[in-house]
Structures are given as structure tokens and as C-alpha cells.
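Single-structure report; data block below.
Throughout, read-outs are computed from the coordinates displayed, never taken from laboratory work. A quick note: this is a predicted structure, and the numbers were derived from the prediction, not measured. Positions of Cβ are backbone-derived with ideal geometry, glycine not excepted, and every protein chain shown enters the neighbour counts.
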Amino acid sequence: MRVPVVFVHGLRISGSMWRPQLDALHAEGRRALAPDLPGHGARRGEAFTVDGAVEAVHEAIEEVGGRALVVGLSLGGFVAIAAAAAHPERVAGLVATSCSARPVNALAHMYRIPAALLDRLPDKGLAVNRRFHRLTLPADGAQAVLDGGLAMEAARSVIDEIADLDVLGLLASYPGTVWLINGARDHFRIHEKLFLDACADGRLLVVPRAGHMVSLDQPEMFAKLVIDAADAVAARAGEPRDPHSPA
């Protein structure tokens, strides 16, 4: 039986960002789900907390069968790590993407400043963020992001919640296999060696010609990496490997 996949989205955006990967996995008959975290997408208006986000991931895991490969990007990577540490028996493997930077207070403060500036704009920076995604992502990727809406109001509460998260400690407590995937041009790579060293069983993959939104910069490659990771954890559990997946 194939291991299902749960995808966890980044800050301000929603599960719609994973459309290219969901399409690729569903085309192969694989179970995959991309829930919205509190305060984002269909759950805008709810307060974001790390505990609430972790619960959203665990609910999605239950929906796809009770055990899954969890794939998170940026904020979603931190949440995925926390979810894996909270219930490692439910997380067959972990793909932590674009989140190899410790969210310490000094780094969080760098993100509070632009969030506060955007908050002063009449639309809270919505037009700026829409333009940014359209300029920096392929057209299909930008549309996937924007179709789920942009929760501009969520930024400051998310930053405050994540700032005190002991990501390296949580990562070290997870006994399963971890794939750290970063775009070569991603500014969030600054602590990737520390993250790799914290893993009980870790691999570091750097994707060429990709930035922070690596899953949308290189959507086909990223989908193949996820499929390969799902097959790898299935093989280690004694389940048959998909012969058509990349080696």
C-alpha cells in the first residue's frame, strides 16, 4: 500500500499552493491532502496557534488513513516538524522545505518590520503581495497561490507564535527519515547544516534554479522528490515500492 501525503502550506497562503503536486500525485492514484491552517484559506478569521496548526495536520493525516508522509514549506515546514515531534507514529517521513533557518527572536524581528509596514496600507499589502507572486513565480504557480486567497492579517500572529519555537529540538526528537529541501536561491538556507545535524536520519537536497517557493519554481521536480520520499518510507516499512517512481 502506498504511503499517503499531507502537504502543509506557507504563511499568508493556503493549501491551494500545492495544486501542481496534488495533481501529480492524484494522477498516479495516490492519496494526498493539503489542509488550510488556522487563519488561512478557508479558515481565515480563526486565530493561528502552533497547537492548532499541528492539530490541522493530524486531522488531515487521519483523513488519509492515519499515517502519512508530511511535506511542509516555510511556515508549513515548521508546523510539519512540530507535528512529527508531537506524534511520530503518525508521520511516516518528513519533508521540511524552505525552513532551514532557526526562527529566533532576532530573525523574527526582521519579519515583524515589513509585516507592520504592510499592515499600514489600506489593503494590508494585498496588492503588493499579489504583484510579488505574479512577478516571481511561473504563471500557473502564481495562480495556484492566489486562488486560495492571501491572509495578510495572519502575518504578525504567526511570527509571534513561531518566534519561540524550538525547531531544532523538535526536529531532533523525531526518529524518522527527514528530507530537507531548499531552493539554491533561498534566503532561508542559513542554518541548513544545523538542521541536518539535528536529524536522526536526514538528507539535504538543494534544488537548482529555485528560490523560497521551490515547489512552484520547479513543480515537476518537486513532485518527483515527494513521490520518491513516499516510496522510500513505504519500502522501509516493508511495503512495495512503486517501480515507476524516480530512483
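Distance from the Cα centre of region 156-205 to that of region 4-25, in angstrom?
Taking the Cα centre of each part, region 156-205 and region 4-25 sit 19 Å apart.
I'd like to compare 22-29, 167-174: which one has the highest average count of other Cβ atoms within 10 Å, and what's the full order after that?
Numbers: 22-29: 14.4, 167-174: 18.8.
Going by the mean number of other Cβ atoms within 10 Å, highest first, we get 167-174, 22-29.
Please say if region 156-233 is rounded, prolate or oblate, where rounded means a/c under 1.5 for a ≥ b ≥ c the square roots of the C-alpha gyration tensor eigenvalues, and otherwise the choice is prolate for a/b larger than b/c and oblate otherwise? List each step's numbers first, then the result.
On the way: a/c = 1.81, a/b = 1.18, b/c = 1.54.
The shape class here is oblate.
Based solely on its DSSP helices, what 222 nm [θ] is calculated for the chain when runs of n ≥ 4 H residues each add -39,500 (n - 2.57) and the sum is averaged over all residues, nearest 500 deg cm²/dmol?
Result for the chain, helices only: -14000 deg cm²/dmol.
When you count, for each residue, the other Cβ atoms within 10 Å and take the mean per peptide, how do 186-197, 51-62, 80-91 rank with the highest first?
In decreasing order of mean packing, 186-197, 51-62, 80-91 become 80-91, 51-62, 186-197.
Restricting to Cα pairs below 8 Å that are 6+ residues apart, what does the relative contact order work out to for region 5-236? Please round to a whole percent.
24 percent
Over all alpha-carbon pairs in region 13-78, figure out the percentage whose distance exceeds 17 Å.
Summing the P(r) tail past 17 Å for region 13-78 gives 41 percent.
Sort the following peptides by mean Cβ neighbour count (other Cβ atoms within 10 Å, averaged over residues), highest first: 69-78, 224-233.
Going from most to least packed, we get 69-78, 224-233.
Calculate, in whole percent, how much of the Cα-Cα pair population of region 5-236 lies beyond 30 Å. Don't jump to the answer; show the numbers that get you there.
Details: 4101 of 26796 pairs.
Summing the P(r) of region 5-236 above 30 Å gives 15 percent of all pairs.
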